[in-house]
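For reference, the structure discussed in these notes is given below.
The values are calculated or read from the model by the stated rules, or taken from the named source; none is laboratory data. These figures come from a predicted structure and were not determined experimentally. Here the Cβ positions follow ideal geometry from the backbone for every residue, glycine too, while neighbour counts run over all protein chains shown. Please note that ligands, DNA and RNA were not included when accessible areas were found on the heavy atoms of the full protein model with its side chains. Shrake-Rupley method; radii C 1.70, N 1.55, O 1.52, S 1.80 Å.
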Amino acid sequence: MKISLLCFAIFFIFTLTGCGNKPYETDEGFSVTFSIRVDNLVEGMHMLDKDKHELIPDDGFIFPARQTAAHEGESVFDLLQRVTRENRIHMAARFTPVIGDAYVEAIGNLYAYDAGPLSGWKYIVNGVIPHISASSYTVQAGDDIVWAYTLDLGRDLGMEDGAW
Amino acid sequence: MVRDAFAFYHPIVNIVYFTAVIGYAMFFLHPILLGISFLCAAVYALLLKGKKAFLFGLVFMLPLLLFTAAMNPLFNHQGSTILSYLPNGNPVTWESVLYGVAAAGMLVTVIAWFVCFNAVITSDKMVYLFGRAMPALSLVLSLALRFVPRLIAQAKVINKTQKGMGQKNNPIKTLSILVTWALENAIETADTMKARGYGLPGRTAFSLFTFRRRDGYAIAFISFCAVIVFIGAAVGSLRFRYFPTVQYHPASAVSVLTCIAYLMLCAFPIIMNMKEALHWKYSVSTV
């Protein structure tokens, strides 16, 4: 009984404190361009879950491209989390605490797989899809960072493929 | 068990009623339908089991309800209305809180219906209903449903006997005796059933039930209500969406009618009990 309680408590703490919002020690801010796009879905609306049609803005931007302050050592995921929180945009992620990894499940209530089996969120840095976890890609000054919803594993985003 | 008017109906009426009510309770997440089903299940369980059901509800169901409702927003982050943030940065949304309450309500409602089910459909009714169609399954079901209460009763008997013999209370010994008894009893039961020709054609059941006219009326009424509810739900008049924003079909004549039919369906045993009580009261006063 006691052991199971302890296990439960540990599990609970791990799930809830997966990846905290750590304060940045050296706060040398620089600026990056940041946007969240769903323009694929404006055309591919028929692929999308009917209940979610109302979530798609006409211009295809959940967050229009804007100069955004970023911190030294911040990852693409940290940036997304901070910006969505500051702007009251919905964002949900799944964490793997042991390796400090984060997977972006949803932005603006659009979840992965909502528009077919190959759909989900991808991020693009300077026109290239890095294909590594967003939580281990550190942003650099002047980067152009785009989060985009793909319907086809990123092949429909018209970007250079950085991995293979 | 308190004398329950509905339990005196033919077992087919009982099973049709519970199939419809539990089936619907497992699928409807509309708050009004949930409320109707929950209220009827709770009142009927209280009628059937009295104080015991009340205690069960307070000690077991209420914590379960609160726990389930509280868990959902911690793990489900869907929904457009952000209330606050969890330590890991995921949002707590109003929609997920609502959905948690609804899902917890559904869980508790179904459990409450099964409490009623177990009180009304006794093992002899079970065997009567399914003994011909699937003898093995109905026997296993009735044995399984009776298993735990029976073991508990026998454990009490063993404990008392041990105490009467001047032995100290020894749980291991009790368990050993209990297991021996259970095994022997199982063999004896099997032999007895076989000796009495269980499952052979032309065999009668322990309890004899006759299908009377009122049973026919009851089945007709229950099916009528169930069909109306089914049509009302299929048409979409009771659509209730939780994610990403709460949205529901506005109240219409069809939806009101469906709700009334659902209420009549769920409250059928309660109405029958009330009718019986009034009948008795009336008869006594005229004497």
Under the helix-only model (-39500 (n - 2.57) for each DSSP H run of 4 or more, divided by the residues of chain B), the mean residue ellipticity at 222 nm, to 500 deg cm²/dmol, is -24000 deg cm²/dmol
Ignoring ligands, DNA and RNA and using a 1.4 Å probe, state the total buried accessible area between A and B in Å², rounded to the nearest 100.
1900
When you look at the Cβ of every residue in A:86-95, what mean number of other chain Cβ atoms sits within 10 Å?
4
Excluding ligands, DNA and RNA, what is the solvent-accessible area per residue of segment B:211-287 at a probe of 1.4 Å, expressed in Å²?
63
Straight distance only, please: which lysines reach the Cα of B:LYS49 with their own Cα at less than 25 Å, same-chain residues fewer than 8 apart left out?
B:LYS125, B:LYS156, B:LYS275, B:LYS281
Selection from A:VAL104, A:TYR149, A:LEU118 lying farthest towards where the dipole of segment A:94-164 points positive, charges on Cβ
A:VAL104
Gyration tensor (Cα only) of chain B to equivalent ellipsoid, semi-axes in Å sorted down, yields 40, 30, 19
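Please give the per residue accessible area of segment B:66-181, computed with a probe of 1.4 Å over protein heavy atoms only, in Å².
Result: 54 Å² of accessible area for each residue.
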Under the definition of partner shielding as Cβ atoms of other protein chains within 10 Å of a residue Cβ, what is the mean value for peptide A:76-84?
1
If you roll a 1.4 Å probe over chain B with all protein chains in place, what percent of the accessible area is carbon or sulfur?
73
Looking at B:PRO87, B:MET126, B:ILE111, which one has the Cα that reaches farthest to the positive end of the dipole of segment B:32-155 (charges on Cβ: Lys, Arg +1; Asp, Glu -1)?
B:MET126
Can you list residues from other chains, or at least 5 along the same chain, whose modelled amide H is less than 5 Å from the amide H of B:THR81?
B:TRP94, B:GLU95
Sequence-distant lysines (8 or more away, or on other chains) whose Cα lies within less than 20 Å of B:LYS51
none
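Under the classification rounded if a/c is under 1.5, otherwise prolate if a/b is larger than b/c and oblate if not, where does segment B:90-171 fall, given a ≥ b ≥ c as square roots of the Cα gyration tensor eigenvalues?
It comes out oblate by the Cα gyration axes.
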Give the cross-link partners of A:LYS50 among the lysines, using a straight C-alpha distance below 23 Å as the criterion and excluding same-chain residues fewer than 8 apart.
A:LYS122
Packing-wise, with mean Cβ within 10 Å as the measure, how do A:65-72, B:236-243 rank, highest first?
B:236-243, A:65-72
Is the shape of segment B:179-252 best called rounded, prolate or oblate, per the rule: a/c under 1.5 gives rounded, else a/b larger than b/c gives prolate, else oblate, with a ≥ b ≥ c the square roots of the Cα gyration tensor eigenvalues?
oblate
Pull the list of chain B cysteines that no other Cys approaches to under 4.7 Å, Cβ to Cβ.
B:CYS116, B:CYS225, B:CYS259
Which residues, if any, in segment A:32-61 have at least 40 Å² less accessible area in the whole protein complex than in the isolated chain, probe 1.4 Å?
A:ASP51, A:GLU54
Tell me which trypsin sites (Lys or Arg not before Pro) from segment B:1-63 have a DSSP coil assignment and no more than 15 other beta carbons within 10 Å of their own.
B:ARG3
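Within 10 Å of each Cβ in peptide B:89-95, how many partner chain Cβ atoms are there on average? Round it to a whole number, please.
6
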Can you give the FRET efficiency for A:TYR103 and B:VAL110, using 1/(1 + (r/R0)^6), R0 = 35 Å, r = Cβ-Cβ distance, to the nearest 0.05?
0.55
The long-range amide H neighbours of A:MET91, using H built 1.01 Å from N in the peptide plane and a cut-off of under 5 Å, are A:GLY108
P(r) of the protein assembly as shown over all Cα-Cα pairs, binned every 20 Å from zero, in whole percent:
18, 37, 29, 14, 1
